[in-house]
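Remarks on the structure that follows.
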Amino acid sequence: MSSSTISPRFSEIPPETKRRVYKWLVVSAFAISPLLIWPGITRWLLTTSFLPHSYCYLQNRALVWTHVAADLLIGISYLSISATLGYLVYKARRNIPFHWMFLAFGLFIIACGGTHFVEVVTIWVPIYIFSAVVKLFTAGASLTAAVILPGIVSDVLELVQRAQASEHTNAKLRASEERKEALLREVHHRVKNNLAVICSLLYLQSTHTDDKESVQIFRDMENRVHSMALVHETLYDSENLARVNFAEYANALAKDILSSHRGPGTAICLKSDLEPVIMSMDLAVPCGLILNELVSNALKHAFPDGAAGEIRMTLHSGPQGICVLRVEDSGVGIPASLDVDRNKSLGLRLVKSLTKQIRGAFELVRIGPGTSAQLHFPVDPYAP
């Protein structure tokens, strides 16, 4: 019963760990075997029929404790360094080249530390034969490290050259990306300026006609172009030139629309609850145009004769990457006879067309009081 319990656990041990255990067992067996074969060797190694070092120092307390303190500090430092190297090799043995060289240095440093600890003991206990054996072991570890080190110098230099070449290549790539980023910022800036010029032309054209319907058409076109220009302005000012924080963009756009429609005596306030949603420019532009239509329609139709009211704008992301954009007002509400699907106004036709383009769903419903326009659309978090 016990064997059936132990063997599965042993089989779960990784092969690399098993090999490491076997190596330590073999090394330990070689180290202990002389003591088992020749029991007298221990007494011989620890022979104390000599004078301790304190006699060589003439029992001078200051000199004795200076040597003791110095040897202890050196020994502790050696052990600390070797422990750090061993931990480093253990944690990053698959990533550090020549990790066996670190082990060789660790063994050398441990041996040096042991030599200094033995020197402390021999101040009072003259185990000079054991001290000589420790020094022989230290000499062997030192020679091993000294012989191994020159053989890897060329490989280390090659790694350094590769690292320098890689850093040079990375520097070129960074410079190239910075140039592309600067160019892209300039493109966004120029597109924004060109769209601003179009907005100015539409505004100037609206001032040269007395037909109220024509003036409204020009103003609506101006707002739509401005919504596209604002996307480029937002990208130009952001760190990421490919993606827009739609919450910031929507808030700025709604305030601009409200400002352009605000007249004397207007008492309409805008409230927003916008969750930060990051989206690509290809999605932000149509969503911005839809938002422009929804807020503009609320301002034009929900509050007749300059009535006071409130427009609430919310943006939330739901499960499976679906976002919900709502524009609600406290106005008079949509007429009961209005059929959203069959209505031929340019604004609603544009909203339905853009909704289809972004694979979303649009709904316009009455609430008490006012109207709620809801847009559901998917946002790909990995889109460029």
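Structure data summary
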{"quantity": "Members of the stretch 90-124 that are surrounded by 17 or more Cβ atoms within 10 Å (Cβ to Cβ) and of a type in the set (Val, Ile, Thr)", "calculated": "Ile109, Ile110, Thr115, Val118, Val120, Thr122, Ile123"}
{"quantity": "Meets criteria (outside the structural domain of Ala104 (by TED's automatic domain parsing), charged (D, E, K, R), touching a His at 6+ places or on another chain (Cβ under 7 Å) and assigned to a helix (DSSP H, G or I)) for Lys180", "calculated": "no"}
{"quantity": "Ser154 vs. criteria modelled with pLDDT of 80 or more, within 28 Å of Leu258 (Cα to Cα) and part of a helix (DSSP H, G or I)", "calculated": "no"}
{"quantity": "Residue check for Val332: among the β-branched types (Val, Ile, Thr), outside any strand (DSSP E or B) and either touching a Lys or Arg at 6+ places or on another chain (Cβ under 7 Å) or surrounded by fewer than 18 Cβ atoms within 10 Å (Cβ to Cβ) (or both)", "calculated": "yes"}
{"quantity": "Counted residues, the stretch 186-201 - those being in contact (Cβ under 8 Å) with a residue 24 or more places away in the chain and of a type in the set (Ser, Thr, Tyr)", "calculated": "0"}
{"quantity": "Residue selected from the stretch 301-319 under the condition touching a residue at least 24 places away in the same chain (Cβ under 8 Å) and surrounded by fewer than 14 Cβ atoms within 10 Å (Cβ to Cβ), by the criterion nearest to Ser272 (Cα to Cα)", "calculated": "His316"}
{"quantity": "Close pairs (7 angstrom Cβ cut-off, 6 or more residues apart or separate chains): on the phi > 0 side of the Ramachandran plot in the stretch 219-237, at pLDDT 75 or above anywhere", "calculated": "none"}
{"quantity": "Unique match (being in the same structural domain as Val125 (by TED's automatic domain parsing), at pLDDT below 80 and in a helix (DSSP H, G or I)) among Leu103, Leu63, Leu79, Leu88", "calculated": "Leu103"}
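The values are calculated or read from the model by the stated rules, or taken from the named source; none is laboratory data. Quick caveat, the model's predicted, so the values are computed rather than measured. Here the Cβ is made from the backbone with ideal geometry for all residues, glycine too, and neighbour counts use every protein chain on show.
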